[in-house]
Amino acid sequence: MAWNPSQYLKFAEARLRPAADLLARVTLTAPRTIYDLGCGTGNVTRMLKARWPEAAVTGVDSSAEMLAQAAQDSGDISWQRLNLADWEPEQPADLIFSNAALHWLPNHAQLFPTLMARLAAGGMLAVQMPRNFSSPSHTLIEETVRQGPWRTKLEHLLRPPPVGTPQQYYALLDGQADKTEIWETEYLEVLAGADPVKEWIKGTWLKQFLDQLEPCERSAFEADYAQRAAQAYPPLPNGKTLFPFKRLFMIAQKALR
Ligand SMILES: C[S@@+](CC[C@H](N)C(=O)[O-])C[C@H]1O[C@@H](n2cnc3c(N)ncnc32)[C@H](O)[C@@H]1O
């Protein structure tokens with residue numbers, strides 16, 4: 001999918017908060033090699049570099065658009081354009097960090113043990129993924145797809161929730177970890193403006209559906225989804241819209257030997 005950095009960054013502050021919450025729980029003192037997987041526009045990568053300025057920090061992403069934005073304010077950071085399914089560090093990493101990206105990859109049963117295997121002894125894997133695929137913001141995408149004239153064009157994009165339960169990730173990480181911390185947080189996002197939930201989702205999950213449609217059909221699909229989202233998340237009398245958003249966090253420290 002082609003990403004649109006400006007649409008994604010409309011909610012930059014809210015999207016960064018989970019990354020900061022995850023980073024706060026990473027207890028490594030002086031990691032030497034750090035990878036930010038699915039680094040996007042590099043906002044989180046820059047936070048990693050700011051915390052550990054001596055470390056070699058690399059942001060990895062497959063999107064040319066997102067990496068072009070990242071490179072505009074590069075600092076002393078390396079950027080790699082690569083599909084994460086093919087990513088392998090030159091040497092075992094001290095920290096593999098990933099915020100809001102790994103839910104785009106399939107087969108977590110294989111992916112997570114592989115990421116653990118790519119850590120140095122004592123290194124950490126720190127991951128945050130949304131776990132809101134059963135909330136109206138996402139189930140209404142399926143409803144819009146199935147109930148409109150675009151059904152045959154879009155139905156093949158519908159798939160089961162890509163993120164498992166905390167217990168499933170514990171089982172995937174525990175075999176190689178000395179210490180595992182897994183938790184969930186539901187943020188209550190307070191959004192402003194017209195159709196804010198549609199605008200939020202349009203920066204991420206909704207985009208893959210919109211991209212398949214011609215401009216006229218795309219506007220109709222967007223309006224249909226916006227109407228459903230506005231009913232599920234009605235604006236308050238003060239004009240704000242409350243958008244509960246559940247996210248899954250995990251940190252696993254690789255055993256020393
Ligand atoms: C929601 S953005 C998150 C960006 C950044 N981590 C942040 O927190 O702001 C997800 C990013 O994952 C990247 N991504 C998704 N699937 C990928 C894949 N298979 N390989 C590499 N990058 C991928 C996208 O290109 C996008 O930049």
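The values are calculated or read from the model by the stated rules, or taken from the named source; none is laboratory data. Everything numeric here is computed off the predicted structure, so don't read it as measured data. So basically every Cβ, Gly included, is an ideal-geometry build from the backbone, and we count neighbours across all protein chains shown.
One table, with the values for the structure above:
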| read-out | value |
| --- | --- |
| Any chance residue 46 is surrounded by 13 or more Cβ atoms within 10 Å (Cβ to Cβ), over 16 Å from the mean Cα position of the chain (by Cα) and either of a type in the set (D, E, K, R) or at pLDDT below 95 (or both) | yes |
| Helices (runs of 4 or more DSSP H) within region 43-162 that include 1 or more residues within 16 Å of the ligand (Cβ to nearest atom) and over 25 Å from residue 213 (Cα atoms) | 43-51, 64-71, 108-117 |
| Single unsatisfied condition, residue 35 versus (1) hydroxyl-bearing (Ser, Thr, Tyr); (2) under 13 Å from the mean Cα position of the chain (by Cα); (3) modelled with pLDDT of 95 or more | (2) |
| Residue satisfying all of: in region 27-41; more than 8 Å from the ligand (Cβ to nearest atom) and crowded, with 21+ Cβ neighbours inside 10 Å; farthest from residue 82 (Cα to Cα) among these | 31 |
| Counted residues, region 116-148 - those being surrounded by fewer than 16 Cβ atoms within 10 Å (Cβ to Cβ) and of a type in the set (S, T, N, Q) | 3 |
| Qualifying residues in region 52-67 (those that are out of contact with any Gly (no Cβ under 9 Å at 6 or more places or on another chain) and among the aliphatic types (A, V, I, L, M)) - the one nearest to residue 42 (Cα to Cα) | 64 |
| Top-ranked residue in region 102-115 [being aliphatic (A, V, I, L, M) and surrounded by fewer than 21 Cβ atoms within 10 Å (Cβ to Cβ); ranked as nearest to residue 16 (Cα to Cα)] | 102 |
| Subset of region 3-26 (residues that are of a type outside the set (Phe, Trp, Tyr), over 17 Å from residue 47 (Cα atoms) and surrounded by 15 or more Cβ atoms within 10 Å (Cβ to Cβ)) | 4, 5, 7, 10 |
| Flag for residue 19 being within 11 Å of the ligand (Cβ to nearest atom), in contact (Cβ under 8 Å) with a residue 12 or more places away in the chain, farther than 30 Å from residue 213 by Cα and out of contact with any Gly (no Cβ under 8 Å at 6 or more places or on another chain) | yes |
| Residue in region 199-206 that is surrounded by 19 or more Cβ atoms within 10 Å (Cβ to Cβ), aromatic (Phe, Trp, Tyr), part of a helix (DSSP H, G or I) and out of contact with any strand residue (DSSP E or B) (no Cβ under 8 Å at 6 or more places or on another chain) present | no |
| Residues (surrounded by fewer than 14 Cβ atoms within 10 Å (Cβ to Cβ), under 22 Å from residue 127 (Cβ atoms) and either at pLDDT 95 or above or of a type outside the set (A, V, I, L, M, F, W, C) (or both)) located in region 207-257 | 244 |
| Flag for residue 165 being free of Cβ contacts under 8 Å to residues at least 24 places away in the same chain and within 30 Å of residue 24 (Cα to Cα) | yes |
